[in-house]
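Q: Here it is, the structure, as structure tokens.
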Amino acid sequence: MSDSQFPFAETSIYIDVFSYLGLPLSREFGGDDVDAVVMGIPYDLGTSGRPGARGGPNAVRQASANLRWEEQRWPWTFNLAERLKAIDYGDLRYGYGDSEDMLARVEEKAAAITGAGKTLVSIGGDHFVTLPLLRGHARTHGKLALIHFDAHTDTYGDEEKYSHGCMFHRAPREGLIDPAHSVQIGIRTDYDRGDHDFLVIDAQQANEQAVAETVAAIRARVGSMPAYLTFDIDCLDPAYAPGTGTPVVGGLSSSRAMHILRGLADLDIVGFDVVEIAPAYDHADITSLAGASLVLEFLYMRASRG
């Protein structure tokens, strides 16, 4: 296999780890030779707990090397390289310490990439980056359904202008998402806080009921709307994702989360992010590998739709 072939440019897990899965590093996404764009957003100024999620994009890229040797990811039945062409855009730059600049740059880049007909896969960064990502996606696709995996609802009001707990309070009020078609999975903090109308499948329910029941509830809620999928890594139990700023015990396993995702593959999911990976608190790259695997799962989901 040549070095130019996607997605496994090098089968070694420790040589030339410069991009996610060894994808070509490029900022040219306008042509027909690109279907999906992976982009890092190293921002964590909205963090309320332990800082460090700015290191998430690089950690996920490094961990993705462990996935490069598989030409076909289990349990998918096709070779990703044959159905999807992707690039790694690298990290989006913004003014140091300038949250307003980050908001503007992420929104503009997300709108440009999705407006060119590409699927954007973003790696955070803290969860606040999802707000400008939603703004950019909504400029292309209109109002969206939200599929939100998290330990927290992040609907706690906007008293703090830059906070990773306010995005899903603000997004409905900006007309970006439709709460009547939106769902939160894995919640296990005080989800009666905040004024929201999302369907909540809490962690106990998601863990105890069959995966098929969770999938059916999500699918019924989203319907035929274009959807945005955001995955806060703290949705997973700290046993599976210790490297995050606000860990909460009692979460989902990585296996169950990916099983749920696979059941959503044929929904019209137009964008994806994984956020809140803070490698300073990780052990043996457990959290980074979970994040890298979730990105790969989504790429397979995208490819399965043609």
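The values are calculated or read from the model by the stated rules, or taken from the named source; none is laboratory data. Source: prediction; values computed, not measured. Quick reminder, even Gly has a Cβ in these numbers, built from the backbone with ideal geometry, and neighbours come from all protein chains shown.
Q: Going residue by residue through the stretch 117-127, is there one that turns out to be closer than 18 Å to Ser182 by Cα and within 16 Å of the chain's Cα centre (by Cα)? Show your work before the answer.
A: Of the stretch 117-127, the ones closer than 18 Å to Ser182 by Cα are 127.
Now restrict to residues that are within 16 Å of the chain's Cα centre (by Cα): 127.
Yes; the residues of the stretch 117-127 include at least one that is closer than 18 Å to Ser182 by Cα and within 16 Å of the chain's Cα centre (by Cα).
Q: Is there a residue being surrounded by fewer than 24 Cβ atoms within 10 Å (Cβ to Cβ) and aromatic (Phe, Trp, Tyr) anywhere in the stretch 116-137?
A: no
Q: Of all residues in the stretch 206-227, which are crowded, with 17+ Cβ neighbours inside 10 Å and either modelled with pLDDT under 95 or part of a loop (DSSP other than H, G, I, E, B) (or both)?
A: Residues satisfying the conditions are Met225, Pro226.
Q: Considering each of Ala203, Ala303 in turn, give the residue that is small (Gly, Ala, Ser), buried (at least 16 other Cβ atoms within 10 Å of the Cβ), closer than 21 Å to Ser64 by Cβ and touching a strand residue (DSSP E or B) at 6+ places or on another chain (Cβ under 9 Å). Steps first, answer last, please.
A: On the way: Ala203 fails: closer than 21 Å to Ser64 by Cβ.
One residue alone meets the criteria, Ala303.
Q: Would you point out which residue out of Ala180, Ala151, Ala145, Ala171 is part of a helix (DSSP H, G or I), on the phi < 0 side of the Ramachandran plot and either in contact (Cβ under 8 Å) with a residue 60 or more places away in the chain or in contact with a strand residue (DSSP E or B) (Cβ under 6 Å, 6 or more places away or on another chain) (or both)? So that I can check it myself, show each step before the final result.
A: Working: Ala180 fails: either in contact (Cβ under 8 Å) with a residue 60 or more places away in the chain or in contact with a strand residue (DSSP E or B) (Cβ under 6 Å, 6 or more places away or on another chain) (or both); Ala151 fails: part of a helix (DSSP H, G or I); Ala145 fails: part of a helix (DSSP H, G or I).
Among Ala180, Ala151, Ala145, Ala171, only Ala171 is part of a helix (DSSP H, G or I), on the phi < 0 side of the Ramachandran plot and either in contact (Cβ under 8 Å) with a residue 60 or more places away in the chain or in contact with a strand residue (DSSP E or B) (Cβ under 6 Å, 6 or more places away or on another chain) (or both).
Q: Can you tell which of Asp154, Asp234 is among the acidic types (Asp, Glu) and modelled with pLDDT of 95 or more? Outline the logic, then answer.
A: On the way: Asp154 fails: modelled with pLDDT of 95 or more.
Selected residue: Asp234, the only one of Asp154, Asp234 that is among the acidic types (Asp, Glu) and modelled with pLDDT of 95 or more.
Q: Among the residues of the stretch 33-91, which ones are touching a residue at least 24 places away in the same chain (Cβ under 8 Å), assigned to a loop (DSSP other than H, G, I, E, B) and among the β-branched types (Val, Ile, Thr)?
A: Val34, Thr47
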